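The values are calculated or read from the model by the stated rules, or taken from the named source; none is laboratory data. Everything numeric here is computed off the predicted structure, so don't read it as measured data. Note that we place each Cβ from the backbone using ideal geometry, even for glycine, and neighbour counts take in every protein chain shown. Heads up: the accessible areas ignore ligands, DNA and RNA and are worked out on the full protein's heavy atoms, side chains in. Shrake-Rupley method; radii C 1.70, N 1.55, O 1.52, S 1.80 Å.
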Amino acid sequence: MSSWVRGNIFAAISAFGLGSIVVLALLAPYLGLADPTQIDFALKLLPPSAEHWFGTDGLGRDIFSGVVHGARVSLLVALGVVVIAAGIGIPIGLVAGYAGGWLDTIFMRISDVFLAFPPLLLPITLSALLGPGLFNALIAVAISWFPWYARIVRSTVLSVKSELYVQAARAIGTPPLSIAVRHVLPNSLSPVIVQASMDFGFAILTTASLSFIGMGAVPPTVEWGLMVASSRSVFLEYWWTAMFPGMAIFLTVFFANVLVDSVRDSLDPKLERKP
Amino acid sequence: MLGYFFRRLAMLALIVVGVAIFTFVLSRALPSSPIEMMLGSKPTAEQIAQARADLGLDRPVVIQLGRYIVQVAQGEFGTSLRTGRPVMEEVIQRLSATAELVSLALLLAVALGVPLGILSAAQRGRWIDGLTRMLAVSGVAVPVFFLGIVLQMIFYGWLGWLPLQGRIDTNLIVDFPVPAHTGLLLIDSALAGNTSALKSAFSHLVLPTLTLMLASLATILRATRNMMIEVLGSDHIRAARAYGASRRSLYFKLALKPTLVPLLTIIGLTYGFMLGGSVITEVLFDWPGIGAYIVESVVTNDYPAVLGVTLVISTLYLLINLVVDMLYFVLDPRIHV
């Protein structure tokens, strides 16, 4: 009992934390913050103060404003990654699993190739070829990840396919496409949704990492990974330039992961909840 | 088992061919052609034709692909546009630095993660369990580059205990060169009996290793804990407890054994994450490995190098996975082909 309550307190704190970040991200343009791209050398590298809560960076930009505006970018890009990866993966997995045969074989061999790359290597290679830019980074990560989604859908489809209601639909002569889309697909989606929510935090980390090594966001985009990267020459003397954007990434991913974990645990009837 | 091994090896070869086709397609889909890069801004028509013939670009695509795969099979990944040296040579030269970093980090992650996971499971629900779980959740949420920067702030900027970046003190290596036997500086300097080089190499390794290790440590710790909890609830453990088995043999022998095989899978996965994470770590710590090489190549638009390294790293990754799968047979006598 006590561990269950404690688990829920963590979940509640995380929900509140992530919720605040999302609200701040949504409201960022209306909060009357300094322009996060405004360069002013007279204000450069000021420590945190009442005027500049998180201090200013090497170009005199307000870091608090940057962190808040950066939340918009990071959350949106991470959402884009999982939505596009799932959006490509779901139809492919559905076709491969439901149709089977040579389509399935071709798909499985292609996904073998994708899965042969260690995580992060394929996004790096792809965004290297696509060129810098946050959108290219988003596409690179989504392309690298879609086979995972396709595989999950495929394996669920394989088991759903033999369910009684699917057999019944087939028996009364429902066309295959209609069975696949109306009966099999809706019942194969929940593992994908779980996977997508677990990948959300990882998507934030991956795109921020790409930005950090110069293969993601480019100025004047305000992005957390890029903010940390641009602090690299000064962070030893001016700690706040790296600390606040870095903490923003950490906390967002932390809250998202804890929340997803506890929601998943509470939805999973197999887990016993006693200590 | 040997038959299975060879079948898997053949599969692996096929996948590598698939990866080679993939990198070939990518290289053809490039926004800029290598010709422009080699010849500068205003080449004459003859120069272009000559370069195309040299590179075999005037042949049909299928022939080009065939030649590319044969070259790759022979370990020919083309020439770096940046240095004009064979990509394979540069990769091999830099592989040892990455190998040193990644293996040390993996060793440490396993050596710390497994015992901590067991401890956490044994103390389930107590404060130590809460602490290790916190570590597990935080460890996978920290961006690798931010962790590295915080460690640099503390141990270089603030305490001044450890060097900021690099692999060894360069002045020291000029005065007392370390003969390369293994390519691993720790081992080479120990073999040469060069204690100052050994000290320098070690102190340069600490921060990158910690940076690279944390996420894997967290993953291994969490997996060990969850599997141990499951096993600890099983009948054979309850029986052993009833028979009065010592806690040591209970946790480290009876309960650990059935978790070893799934744990191995996790460790194999972790290794893949580390190969990717080493790119970030190497850039941050100016570590002369293949991860930093890939980024340098990207920045200078050196595509043959990028694709070559991609191919080498993914082949390595596949090989490691094969080794992990083969270890199943050694660890678990119940598994048969």
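Using the alpha carbons of region A:58-155, what is the convex hull volume per residue in cubic angstrom, as a whole number?
Measuring per residue, one finds 105 Å³ for the Cα hull of region A:58-155.
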- Task: Quick one: grab the alpha carbon gyration tensor of region B:197-315, order the square roots of its eigenvalues as a ≥ b ≥ c, and give me rounded if a/c is under 1.5, else prolate or oblate depending on whether a/b is larger than b/c.
- Result: prolate
- Message: Per DSSP helix of 4 or more residues, -39500 (n - 2.57); summed, then divided by the residues of chain B. What does that give at 222 nm, rounded to the nearest 500?
- Response: -24000 deg cm²/dmol
- Task: Let me know the charge dipole size of chain A about its Cα centre in debye, to the nearest 20, where only the beta-carbon of Lys, Arg (+1) and Asp, Glu (-1) is charged.
- Result: 840
- Task: Counting only heavy atoms of the protein chains, get the accessible area per residue of region B:90-331 (1.4 Å probe) and round it to a whole Å² value.
- Result: 44
- Item | Value of D in µm² per second that Stokes-Einstein yields for region A:18-83, Kirkwood Rh from Cα pairs, at 37 °C (0.692 mPa s) | 263
- Comparing the chain by itself with all protein chains present, which residues of region A:91-113 are at least 20 Å² less accessible (probe 1.4 Å)? A:ASP112, A:VAL113
- Note on the structure: With only helices counted (DSSP H, runs n ≥ 4, each -39500 (n - 2.57)), the per-residue ellipticity at 222 nm for chain A, to the nearest 500, works out to -22500 deg cm²/dmol
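Calculate, for A:ALA42 and A:VAL234, the FRET efficiency according to 1/(1 + (r/R0)^6) with r their C-beta to C-beta distance and R0 22 Å; round to the nearest 0.05.
E(calc), rounded to 0.05, equals 0.85.
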- Item | Over 26 Å [Cα-Cα, chain A], rounded percent | 53
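According to the Kirkwood expression over distinct Cα-Cα pairs, how big is the hydrodynamic radius of region B:63-112, in Å?
It works out to 13.1 Å.
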- Message: Compute, for region B:211-337, the length of the dipole vector about the Cα centre, with Cβ point charges of +1 (Lys, Arg) and -1 (Asp, Glu) only. Units Debye, rounded to 20.
- Response: 1040
- If A:ARG264, A:ARG109, B:ARG248, A:ARG61 are ordered by their accessible area, calculated over protein heavy atoms with a 1.4 Å probe, which sequence runs from highest to lowest? B:ARG248, A:ARG109, A:ARG264, A:ARG61
- Three-way shape label, region A:78-124, alpha-carbon gyration tensor, a/c 1.5: oblate
- Note: region A:212-251, point scatterers on Cα, Debye, no solvent; log10 I/I(0) at q = 0.25, 0.28, 0.33 Å⁻¹ equals -0.81, -0.95, -1.12
- Query: From the square roots a ≥ b ≥ c of the eigenvalues of the alpha-carbon gyration tensor of region A:95-242, which class results: rounded (a/c under 1.5), prolate (a/b over b/c), or oblate?
  - Reply: prolate
- Message: Using a loss threshold of 40 Å², tell me which positions in region B:285-316 are less accessible in the complex than in their chain alone. Probe radius 1.4 Å, ligands and nucleic acids ignored.
- Response: B:VAL298, B:THR310
- Could you tell me which of B:THR270, B:LEU159, B:LEU95 has its Cα farthest along the dipole of chain B towards the positive end, charges placed at Cβ (Lys, Arg +1; Asp, Glu -1), taken about the Cα centre? B:THR270
- Query: If you place +1 on the Cβ of every Lys and Arg and -1 on the Cβ of every Asp and Glu, how big does the dipole about the Cα centre of region B:90-331 come out, in debye to the nearest 20?
  - Reply: 1440
- Message: Projecting each Cα onto the charge dipole of chain A (Lys/Arg +1, Asp/Glu -1 at the beta carbon, about the Cα centre), which of A:VAL263, A:THR156, A:LEU18 comes out farthest on the positive side?
- Response: A:THR156
- Task: Quick one: give the max-minus-min coordinate of the C-alpha atoms of region A:1-133 along each principal axis, largest first, in Å.
- Result: 66, 52, 27
- Could you grab the Rg to Rh ratio for region B:90-331? Cα atoms only, Kirkwood for Rh. 1.03
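In whole angstrom, how long is each semi-axis of the equivalent ellipsoid of the protein assembly as shown, when you take the square root of 5 times every eigenvalue of its Cα gyration tensor and sort them from largest down?
Ellipsoid semi-axes (Å, largest first): 37, 34, 30.
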- Expressed as a percent, the accessible surface of the protein assembly as shown that is carbon or sulfur, using a 1.4 Å probe and the full set of protein chains, is 68
- Treating every alpha carbon of region A:171-275 as one equal point scatterer without solvent, the Debye formula yields log10 I(q)/I(0) values at q = 0.14 Å⁻¹ of -0.73
- region B:101-201: mean projected area of Cα convex hull, nm²: 8.4
- Compute, for A:SER197, the solvent-accessible surface of its heavy atoms (probe 1.4 Å) with the complete set of protein chains present, and express it in square angstrom to the nearest 10. 50
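What does the buried accessible surface come to for B and A, summed over both chains, with the probe at 1.4 Å? Round to 100 Å².
Counting protein atoms only, the buried area is about 3900 Å².
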- Within chain A, excluding any GluC sites (Glu not before Pro) found in a DSSP loop (not H, G, I, E or B) and having at most 10 other Cβ atoms within 10 Å, the longest uninterrupted segment runs A:1-236
- Query: Got a sec? What order do B:MET274, B:MET1, B:MET88, B:MET326 fall in by accessible area at 1.4 Å, biggest, i.e. largest, first?
  - Reply: B:MET1, B:MET88, B:MET326, B:MET274
- Message: Taking the square root of 5 times each eigenvalue of the Cα gyration tensor, what semi-axes in Å does the equivalent ellipsoid of region B:163-210 have, largest first?
- Response: 17, 12, 8
- In the protein assembly as shown, lysine pairs closer than 29 Å at Cα, eight or more apart or cross-chain: 5
